[in-house]
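The values are calculated or read from the model by the stated rules, or taken from the named source; none is laboratory data. Note that this is a predicted model, so its numbers are computed, not measured. Note that we place each Cβ from the backbone using ideal geometry, even for glycine, and neighbour counts take in every protein chain shown. Quick note on the areas: whole protein, heavy atoms, side chains included, nothing else; ligands and nucleic acids left out. Shrake-Rupley method; radii C 1.70, N 1.55, O 1.52, S 1.80 Å.
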Amino acid sequence: MENLEEILTLVSWLKNSKFTTVLTGAGVSVPSGIPDFRSKNGVYSKWGQEIFDIDLFHQNPDRFYEFAKQELIKMLDVEPNEIHYLLAYLEKLNIVKGVITQNIDNLHKKAGSQKVAEIHGNVRTWSCLKCGKRYDLFNSQHKEFLIDRNFRCECGGVTKPDIVFFGEMLPLNEYSKAENWAKESDVFIAMGTSLVVYPAAQLPIYAKHSGAKLCIVNKNETALDDYADLAIHIDLIDFAKEVKRYF
Ligand code: ZN
């Protein structure tokens, strides 16, 4: 096994950890079949980054709804993979105390993680911008209703998924939870993220300043590899399978 020595180092940190926090990014969902938005086959190459621009959404919600029907809500049919299940399992073992995710695909919760901070929101629920009514796409009646009415609420208002668009603030409660977890950690793992999107990329820095050991697990190099105590470049599924053997 390549990287075995590094994995064993991380395993020993985890076994001694009282508070591990994991930050996950797009790379964790790729093996489930959700391409990184920024990649060659990702959402942005087809729809442009502006598909998540809040001003354009208000100007022309129907373009966004077309995208939602073709791509976004299909995310909710996707299944978690070994990485999501590993993190849920490590939470059960009382090692992982929180998963912070930049992903909006709901997969950590679907895999059974309870303590999840979704700092960019979750595409599962949609809210009416006029009356505030909330729709849950795991409820088939809600889902059919929204799709039939081209995502207009029963009051006629436009609805928007509870995710963070460009030009919007992060959900304060989710982000402050994430920040607190980062500061409390003795081990902090950033996984499947290139650590270029702020403020998420700030979290490993808070953790390390607060005394955590910082480990980065990613297929490619990241912006913080030199800053980390351990950087493991590996296929994430291989990583998850190998780590699972020790718990
Ligand atoms: Zn409404």
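What accessible area per residue, rounded to a whole number of Å², is obtained for region 77-227 using a probe radius of 1.4 Å?
45
Assuming a ≥ b ≥ c are the square roots of the Cα gyration tensor eigenvalues, decide whether region 79-195 counts as rounded (a/c under 1.5), prolate (otherwise, with a/b larger than b/c) or oblate. Note, shape of region 79-195 comes out prolate.
Counting only aspartates and glutamates at least 8 places from LYS97 when in the same chain, those with an alpha carbon closer than 19 Å to its own are GLU82, GLU118, GLU174, GLU179, GLU184, ASP186. Sorting 120-128, 230-238 by their mean Cβ neighbour count within 10 Å, with the most densely packed peptide first, gives 120-128, 230-238. Calculate the translational D of region 1-138 in whole µm² s⁻¹ from Stokes-Einstein, where the hydrodynamic radius comes from the Kirkwood formula applied to all Cα pairs, the temperature is 4 °C and the viscosity 1.567 mPa s. Result for D is 77 µm²/s.
For the chain, the spherically averaged projection of the C-alpha convex hull amounts to 12.9 nm². For the set LYS18/LYS115; LYS74/LYS219; LYS130/LYS177; LYS115/LYS177; LYS183/LYS208, the pairs lying more than 20 angstrom apart at their alpha carbons are LYS74/LYS219; LYS130/LYS177. Note that region 69-148, at 20 °C in a medium of 1.002 mPa s, gets a Stokes-Einstein diffusion coefficient of 155 µm²/s from its Kirkwood radius over C-alpha pairs. Per-residue ellipticity at 222 nm, computed for the chain from helices alone with -39500 (n - 2.57) per DSSP H run of at least four residues, works out to -10000 deg cm²/dmol. For region 135-180, which whole-number percentage of the solvent-accessible area (1.4 Å probe, protein heavy atoms only) is attributable to carbon and sulfur atoms? Carbon and sulfur together cover 51 percent of it. Once the dipole of the chain is set up with Lys and Arg at +1 and Asp and Glu at -1 on Cβ about the Cα centre, which of ILE147, ILE232, LEU87 lies farthest towards its positive end? Highest projection toward the positive end goes to ILE147. With respect to the chain, whose longest principal axis is taken over its alpha-carbon atoms, helix 172-184 is tilted by about 0°. If you take all other residues with their beta carbon under 10 Å from the beta carbon of LEU56, and give Lys and Arg +1 and Asp and Glu -1, the sum is -2. Calculate how steeply helix 82-92 sits against the longest principal axis of the alpha-carbon atoms of the chain, using the helix alpha-carbon long axis, and give the answer as 0 to 90 degrees to the nearest 10. With both axes taken from Cα atoms, the answer is about 70 degrees.
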